[in-house]
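Report on one structure; see the data block that follows.
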Amino acid sequence: MSSNVWPPVPTNENANDREARLAAEREAKRISDEIDRALEQERQELRKRRPQTKILLLGQAESGKSTMIKHFQLFFCPSQFAAETEAWRTVIHLNLARFVNHVLQVLSTAGSASGKSDPNVRMLQMRLSPLKQVELILSRAINEESPSQLSSPTEETSKPTWRPRAAPEVSIRGGSGWKTLMRRRKGSTAAKSPSIPDEVEDARQILDACKDDIVALWQSSILRTLEEEGMDLHHHARYFLDNAARVANLSYTPTTDDILRARLRTLGVEEYRMTMETAAEKGSDWVFYDVGGSRNQRAAWASYFDDVNAVIFLCPMSGFNQRLSEDGSVNRLFDSMELWETVCKSKLLANAMFILLLNKADILYAKLKAGIKFEDYVASYHGRPNKAEYVADYLREQMILTHRMCSPKRRQLHAHVTCAIDTTVMGAVLNSIRDCILVIILQQTTLL
């Protein structure tokens, strides 16, 4: 006979086992209800506070939108930025563990494909195998739902072939309130039971025990050989591997630079509400909408276009020689420029101020310095200098022209060349953006 009860009742269960199981289920439900009530209460309180400023962040996936949010917090809401340090430590450790597991998996498949294996590498693979559990624990910590659904944990493959590919992203579903969830879990009375806060602490202990082996792996000559053969080690988590001894240490506290470099991909739409702490707009609420930039998520953008004060569009200039992960036939830079044209044409955004950020200038500079020619990918640039400043000027001209030709009505455009991990440059840019937005708000409220 089928049953709709889940989880299914164990067979051959005695009275004591049944009572223990029911008690555990009641406790689990109590914890879940407590978290749900706290999150709902927070949502209700936020609905009562009408936001003064709505800002929409647009751009393709990996354009730097989430890093831009962190910069806004750093410069204009420093208390909020500091309060989230512990939450970001978990993400940083997950970035590190996931990339190490990816490297170990590539080493394993490369050895199987060649029929050769280095005994030193085999030893490191064995000693670092606990990092698979670390990855699962930390994925669970930031996701209410199954990490296998949202975070795509690194998995082993039995195929004896090696194909260089990018490491999987750490992802979170928009609207999940993962930072709040982690704070609730940490402070919950339920934290005294063997639960997620305890598991996260266990994961930190494992990372600390593995840190010397992580450093040894990263410094091994075989990785340099595989990199020459096409393995992609230019990953955002490379920074954390370069600093593995510090990041994996049990006493580790993230620096500002660490948090800015932490990567957490947004699936769907994430809302960030900031109570500004700086003088000019102190106490006012600014709401940022970070919408997922992959192609299959763009259909949901239009519902956020209404009643927006400003649009910040990020174009990653460094994508000129890359392809979209979701469609390998499409150049990333061309896709970004087509997306810009579509946004400029939107009548729903006719009254919004437009801010264009030509982002990732540092990566563009490194690629061009390495000898990669921009004109090989963008034919209309033929004959111009292969230097970052000239390329940036060219892209700025093209996108300003698109804005002028495609906008439903005449409006001002503010364009900046940025590097999202350079706090000095970003400080000047963000101050300029803030001043422009404040002027727009004053104009819209007829105070100026």
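The values are calculated or read from the model by the stated rules, or taken from the named source; none is laboratory data. If you're wondering where the values come from, they're calculated on a predicted model, not measured in any experiment. Reconstructed Cβ throughout: ideal geometry from the backbone, glycine too, with neighbour counts over all protein chains shown.
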Residues satisfying the stated conditions in segment 377-398, i.e. assigned to a loop (DSSP other than H, G, I, E, B), farther than 19 Å from Q322 by Cα and touching a residue at least 40 places away in the same chain (Cβ under 8 Å): none
One residue is enough: does segment 258-271 have a residue meeting the conditions among the small types (G, A, S) and either modelled with pLDDT of 85 or more or not assigned by TED's automatic domain parsing to the domain that holds V106 (or both)? yes
Within segment 417-445, the residues that are surrounded by fewer than 19 Cβ atoms within 10 Å (Cβ to Cβ) and of a type in the set (G, A, S) are G427, A428, S432
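Take Y381 and decide whether it is of a type outside the set (A, V, I, L, M), farther than 26 Å from T342 by Cα and touching a helix residue (DSSP H, G or I) at 6+ places or on another chain (Cβ under 6 Å). Break it down into steps so the answer makes sense when it comes.
Details: of a type outside the set (A, V, I, L, M): yes; farther than 26 Å from T342 by Cα: no; touching a helix residue (DSSP H, G or I) at 6+ places or on another chain (Cβ under 6 Å): yes.
Here the answer is no, as Y381 does not meet what is asked.
Determine whether L401 is farther than 22 Å from T53 by Cα, touching a Leu at 6+ places or on another chain (Cβ under 9 Å), at pLDDT 90 or above and in a helix (DSSP H, G or I). Please lay out each step first, then the result.
Working: farther than 22 Å from T53 by Cα: yes; touching a Leu at 6+ places or on another chain (Cβ under 9 Å): no; at pLDDT 90 or above: yes; in a helix (DSSP H, G or I): yes.
No, not satisfied.
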State all residues of segment 336-360 that are of a type in the set (A, V, I, L, M), over 22 Å from the mean Cα position of the chain (by Cα) and not in a helix (DSSP H, G or I); if no residue qualifies, say none. A350, A352, M353
Taking the criterion of being modelled with pLDDT of 95 or more, within 25 Å of the chain's Cα centre (by Cα) and over 15 Å from N309 (Cα atoms), would at least one residue in segment 419-426 satisfy it? no
List pairs: first in segment 13-31 and basic (K, R), second surrounded by fewer than 11 Cβ atoms within 10 Å (Cβ to Cβ), Cβ under 8 Å, 6+ apart or cross-chain? R21/P10
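Whether any residue in segment 324-335 is in the same structural domain as G64 (by TED's automatic domain parsing), in contact with a Ser or Thr (Cβ under 7 Å, 6 or more places away or on another chain) and either surrounded by fewer than 21 Cβ atoms within 10 Å (Cβ to Cβ) or not in a loop (DSSP other than H, G, I, E, B) (or both) is what I want to check. Reasoning before the result, please.
Here is the first cut: in segment 324-335, the residues in the same structural domain as G64 (by TED's automatic domain parsing) are 324-335.
Now narrow it down to the ones that are in contact with a Ser or Thr (Cβ under 7 Å, 6 or more places away or on another chain): 326.
With either surrounded by fewer than 21 Cβ atoms within 10 Å (Cβ to Cβ) or not in a loop (DSSP other than H, G, I, E, B) (or both) added as a condition, the list becomes 326.
Looking for residues that are in the same structural domain as G64 (by TED's automatic domain parsing), in contact with a Ser or Thr (Cβ under 7 Å, 6 or more places away or on another chain) and either surrounded by fewer than 21 Cβ atoms within 10 Å (Cβ to Cβ) or not in a loop (DSSP other than H, G, I, E, B) (or both), one finds at least one in segment 324-335, hence yes.
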From the list I92, I137, which residue is farther than 24 Å from S325 by Cα and either crowded, with 23+ Cβ neighbours inside 10 Å or modelled with pLDDT of 75 or more (or both)? I137
Could you tell me which of the residues I363, I441, I437 is more than 28 Å from the chain's Cα centre (by Cα), within 25 Å of F288 (Cβ to Cβ), modelled with pLDDT under 95 and not in a loop (DSSP other than H, G, I, E, B)? I441
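Please go through segment 305-326 and give me each residue that is over 20 Å from the mean Cα position of the chain (by Cα) and over 21 Å from Y381 (Cα atoms), ordered by number.
As a first pass, look at segment 305-326 and keep what is over 20 Å from the mean Cα position of the chain (by Cα): 305-310, 320-321.
Hits for segment 305-326 are F305, D306, D307, V308, N309, A310.
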